[in-house]
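Reading through the structure tokens given below for one structure.
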Amino acid sequence: MQCSRCGFAASQPTRFCPSCGLQLGLTTPIPNVPQYQAAVAGVPIEHHDARARGFGQFFGIHPTIAFVALLVDLMLFGGDVMTMGALLPVSIGAGFVLGIITYLAQRKWYGDDKEAASIKALILGLLTAIPTPLPAALYIPSGIVGLIHKVRGK
């Protein structure tokens, strides 16, 4: 085989010229290449897809949900402090409603699967129902992770 660029004549058939490195066009099939399955037995492909998206998909929440959760939690905490806990049933109801909204938004806007969206919704609903300002320490970082994830394009 002879190289068209440098004229080197190779004694054996090769894919690249030993002298200049030009691809000579000779391709040889690679025997016994393993074929990998798209999913492990019994686990749907959608679960693998969500896990493959990484840190932002796993820990992030949609920025709008983070902002709404922060506002709702601050309002409920202020009411609980002023009434010395008498509005706790309202906080529990608001946490439940926020959980439903979070589930729907995570599925539609953020692209979470059912399991991930329900876990995030339960966590946000529970943290909202607890009469402390501590949940803001989770809403804000998760919202920032979600914003970065959405800006980068998943």
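The values are calculated or read from the model by the stated rules, or taken from the named source; none is laboratory data. Fair warning: this is a prediction, and the values are worked out from it, not measured in the lab. Counting neighbours? That spans all protein chains shown, and the Cβs are built from the backbone with ideal geometry, glycine included.
Could you tell me how many of the residues in region 105-118 are surrounded by fewer than 21 Cβ atoms within 10 Å (Cβ to Cβ) and not basic (Lys, Arg)?
7
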task: Having 1 or more residues that are of a type in the set (Phe, Trp, Tyr) and at pLDDT 90 or above is the bar; report the helices (runs of 4 or more DSSP H) wholly within region 54-151 that clear it.
output: 63-82, 88-105
- line: Residue set ALA137, ALA121; condition small (Gly, Ala, Ser), loosely packed, with under 15 Cβ neighbours inside 10 Å and within 24 Å of GLY79 (Cβ to Cβ); output residue ALA137
